[in-house]
Amino acid sequence: MKHTLSVTVENRPGVLTRVATLFRRRGYNIESLTVGATENPSISRMTIVVEGDDRIIEQVSKQLYKLVDVIKIVDMTEERFVERELVLIKVKADNNVRAEIVQIVDIFRARIVDIGRNTLIIEATGDSRKIDAIEDSLKPFGIIELVRTGKVAMVRGGKP
Amino acid sequence: MKMRGAEILLDCLKKEGVDTIFGYPGGSVLPIYDALFNSDIRHILTRHEQGAVHAADAYARVTGKVGVCLATSGPGATNLVTGIATAYMDSVPMVCLTGQVSTALIGRDAFQEADITGITLPITKHNYMVESTEELAQVIKEAFYIARTNRPGPVVVDLPKDIMEKVIEYQPIRDEINIRGYRVMRGFNSGQVLAAAELINQAQRPVIYAGGGVISSNASAELLQLAETRKIPVTTTLMGLGGFPSTHYLSLGMLGMHGTRYANYAIGESDVLVAIGVRFDDRVTGKIDTFAPNARIIHIDIDAAEIGKNVNVHVPIVGDVKEILQALNQKLKPQPEYGEWHQTIDRWKDEFPMRYGFSMEGRIMPQHVIEKIYELTGGEAIITTEVGQHQMWTAQFCKFKHPRTFVTSGGLGTMGFGFPAAIGAKIARPDRPVVDIAGDGSIQMNIQELGTAVQYKLPLVICILNNQFLGMVRQWQSLFYEGRYSFTDISHQPDFVKVAEAYGAIGIRVTEMKDVEPALKRALESTDCPVVIDFWVEREADVFPMVPPGGSLSNMLGGD
């Protein structure tokens with residue numbers, strides 16, 4: 001089962017390497033990892049999606065806690081949480097199909113952010129399922145390039 | 001007070017109680033060596049950085065204090081790597097100081113530049129590169145704090161040269177350490193202690209499986225009390241030897257791959273297994289799903305990540321072993337006698353005692369040398385070993401009465417560890433005899449440290465059990481690779497007596513059984529000079545009994 005871990009870490013050089021090295025060495029599989037600033041400039045937040053049963057997730061979390069630069073770990077899978085991902089898709093779009101693509105973009109409440117002679121770049125945000133769905137819908141037109149940010153997430157309600 | 005970075009560094013070391021460091025100079029650490037020149041910190045000059053790091057490691061194992069070593073940037077620092085990994089695997093508190101090129105040169109592939117914080121990332125508890133002279137004192141304080149608290153381990157501090165040269169206004173740090181991502185474990189779950197006590201009080205066939213955690217937590221007395229209150233037989237891991245007296249009637253000796261048959265059988269039959277300061281290593285458990293199949297397992301350890309890592313346990317207790325055992329001991333009802341369980345174990349002890357054969361050619365049996373070393377030192381010596389057959393024979397045939405008297409590379413299995421370790425041990429405990437039990441392969445990996453031992457007039461006894469083979473590998477080739485001795489015959493070797501003499505040490509060769517004891521006696525009498533004894537032993541003696549790799553503990557080869 002996939003788990004989404006929210007890991008607060010010291011905002012210091014080398015912290016990403018420490019976390020990545022730990023995952024590599026222990027053989028845990030990272031599905032996605034994002035890292036960015038938080039409301040506190042000395043702290044960064046990593047959102048790590050990792051595949052594994054409860055035993056593996058427990059080990060991942062205990063091993064992460066042993067890193068001196070890791071401050072707190074929340075397994076959001078056990079909570080109600082909001083997750084979002086952003087994708088940019090460059091798709092083939094000549095005049096014959098352009099209207100159809102625009103329709104799909106509307107349905108997904110995505111946006112067109114660049115128009116080329118025969119291409120469009122589409123930007124979409126949403127949870128991973130929505131991103132998967134828009135990717136599938138655009139595939140038949142010919143995807144030239146695609147980039148996903150990986151997941152960021154936050155627990156719902158008042159809990160930090 | 002205005003001070004140079006290097007002087008601040010030494011002041012911080014002194015404030016951490018450091019009186020001895022092991023090191024080797026070089027370009028990037030010139031400022032530090034200049035400050036050491038008239039410092040009252042004792043610096044031991046080894047002949048290779050690996051010698052320094054192993055000596056510092058042994059110094060820590062023998063004293064319980066943090067060991068400190070110092071090396072220059074680049075090759076100096078990379079020469080520490082094996083020693084750092086050794087300390088990491090055996091949870092030894094160490095601070096390794098490495099020089100680094102000046103900050104302006106970092107990242108430019110400067111002369112003798114190596115990314116040592118990057119290299120040591122997976123083999124340190126934590127590491128630092130100091131970024132300014134102003135933060136130096138704080139980093140050193142944190143490094144020692146992290147190295148010695150919770151589960152101990154090595155910490156590397158990388159020190160760029162310009163930061164050591166810079167003069168700043170220095171204020172010693174007085175505040176308590178507060179690292180938000182690192183909390184020292186205090187207390188434990190007392191409900192779990194009660195659950196453990198209940199299990200132990202009801203057990204019919206209990207066994208204690210004790211490891212290095214007992215020694216690093218200084219909990220030998222508490223372990224003894226636990227065992228004696230409930231009359232529980234105790235087996236220790238390699239790292240746990242000395243944590244419980246091997247001479248005690250409840251001692252089962254070592255368990256695992258080269259453990260005693262009775263220890264391994266007891267594990268198999270036990271109904272409650274009390275695992276204390278251990279990590280269920282593969283050399284201990286054998287095939288993991290056949291390990292202690294009938295037992296409810298209580299696991300006491302300071303490192304939460306060890307709980308459930310290799311086996312599922314029924315009662316985990318996370319915290320300091322000593323504190324937990326103190327609480328546990330109060331909840332135990334005294335056990336008059338187990339009767340049946342002890343009789344079973346005694347029967348195994350009678351049936352499968354530790355023994356060894358004799359040499360067809362009348363050669364010295366290596367185990368005999370080890371027994372003699374124990375006899376002549378009465379269990380009061382500090383014994384270090386290298387890695388291989390001689391190490392396992394030492395674990396099997398030498399007895400240990402006190403904690404911190406057996407120094408060996410257990411987890412990493414580092415050949416070349418024992419001799420520099422003996423140097424560190426002797427520096428730490430000049431009052432005790434120190435004996436390095438070595439193989440002819442291992443001793444050649446750090447033999448240059450004879451220079452160090454002679455320079456500092458250390459009366460070490462280095463016993464080479466010389467079978468002209470890389471014996472342990474040869475044994476596996478013999479057992480599992482149809483006797484194809486691929487590159488394990490090392491009969492092309494130096495004259496160890498002459499090597500010793502060339503360094504100014506004493507060299508003795510022993511080829512006859514009758515000369516073993518006199519040679520050892522003579523060596524142990526040395527007061528200011530290392531003695532190398534080259535014992536020519538039976539070439540193809542094997543370490544038995546043995547659990548074949550991946551096999552189960554109940555299925556041992558040999559020793560029956």
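The values are calculated or read from the model by the stated rules, or taken from the named source; none is laboratory data. The structure displayed is predicted, hence computed values, not measured ones. With ideal geometry, Cβ positions are generated from the backbone for all residues, glycine too; neighbour counts draw on all protein chains shown.
The figures follow:
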quantity: Residues of segment B:123-136 classified as within 14 Å of chain A (Cβ to nearest Cβ), crowded, with 20+ Cβ neighbours inside 10 Å and part of a helix (DSSP H, G or I), total; calculated: 1
quantity: Per-region count, segment A:133-160, residues of a type in the set (Val, Ile, Thr) and on the phi > 0 side of the Ramachandran plot; calculated: 0
quantity: In segment A:113-143, the residues that are outside any helix (DSSP H, G or I) and either exposed (fewer than 15 other Cβ atoms within 10 Å of the Cβ) or at pLDDT below 95 (or both); calculated: A:Val113, A:Asp114, A:Ile115, A:Gly116, A:Arg117, A:Asn118, A:Glu123, A:Asp127, A:Gly142, A:Ile143
quantity: Residues within segment A:82-112 that are in a strand (DSSP E or B) and crowded, with 18+ Cβ neighbours inside 10 Å, tallied; calculated: 5
quantity: Residue match in segment B:471-484 (condition: surrounded by fewer than 17 Cβ atoms within 10 Å (Cβ to Cβ), farther than 26 Å from B:Pro353 by Cα, in contact with a Leu (Cβ under 7 Å, 6 or more places away or on another chain) and of a type outside the set (S, T, N, Q)); calculated: no
quantity: Which numbered condition B:Gly240 fails, given (1) within 14 Å of chain A (Cβ to nearest Cβ); (2) assigned to a loop (DSSP other than H, G, I, E, B); calculated: (1)
quantity: Single residue of B:Val139, B:Val156 found to be in a strand (DSSP E or B) and within 20 Å of A:Arg12 (Cα to Cα); calculated: B:Val156
quantity: Those residues of segment B:148-191 which are touching a helix residue (DSSP H, G or I) at 6+ places or on another chain (Cβ under 8 Å), farther than 23 Å from A:Ile71 by Cβ and among the small types (Gly, Ala, Ser), in sequence order; calculated: B:Ser190
quantity: Matching option when the condition is within 14 Å of chain B (Cβ to nearest Cβ) and more than 17 Å from the chain's Cα centre (by Cα), among A:Val97, A:Val9, A:Val102, A:Val91; calculated: A:Val9
quantity: Flag for B:Gly308 being at pLDDT below 95 and at positive phi; calculated: yes
quantity: Pair list, Cβ < 6 Å and 6+ apart or interchain, from segment A:55-80 residues that are at the interface with another protein chain (Cβ under 7 Å from one of its Cβ atoms) to residues that are part of a loop (DSSP other than H, G, I, E, B); calculated: A:Val68/B:Gly181; A:Asp69/B:Gly181; A:Val70/B:Gly181; A:Ile71/B:Arg180; A:Ile71/B:Gly181
quantity: Within segment B:149-188, tally of residues that are surrounded by 13 or more Cβ atoms within 10 Å (Cβ to Cβ), of a type in the set (Lys, Arg) and within 14 Å of chain A (Cβ to nearest Cβ); calculated: 2
quantity: Selection from segment B:101-122 of residues that are away from every other protein chain (no Cβ under 14 Å) and not β-branched (Val, Ile, Thr); calculated: B:Ser102, B:Ala104, B:Leu105, B:Arg108, B:Asp109, B:Ala110, B:Phe111, B:Gln112, B:Glu113, B:Ala114
quantity: From the options B:Gly191, B:Gly213, residue that is assigned to a helix (DSSP H, G or I), surrounded by fewer than 17 Cβ atoms within 10 Å (Cβ to Cβ), at pLDDT 95 or above and of a type outside the set (Lys, Arg); calculated: B:Gly191
quantity: Lone qualifier among B:Gly308, B:Gly268, B:Gly286 - being touching a Leu at 6+ places or on another chain (Cβ under 7 Å) and surrounded by fewer than 23 Cβ atoms within 10 Å (Cβ to Cβ); calculated: B:Gly268
quantity: Conditions (1) touching a helix residue (DSSP H, G or I) at 6+ places or on another chain (Cβ under 6 Å); (2) within 11 Å of chain B (Cβ to nearest Cβ); (3) in contact (Cβ under 8 Å) with a residue 12 or more places away in the chain; number of the one not met by A:Thr21; calculated: (3)
quantity: Flag for A:Ile48 being closer than 23 Å to B:Lys125 by Cβ, touching a Ser or Thr at 6+ places or on another chain (Cβ under 6 Å) and not assigned by TED's automatic domain parsing to the domain that holds A:Pro140; calculated: no
quantity: Residue satisfying all of: in segment A:29-71; in contact with a Gly (Cβ under 8 Å, 6 or more places away or on another chain) and under 25 Å from B:Pro152 (Cβ atoms); surrounded by the most Cβ atoms within 10 Å (Cβ to Cβ) among these; calculated: A:Val60
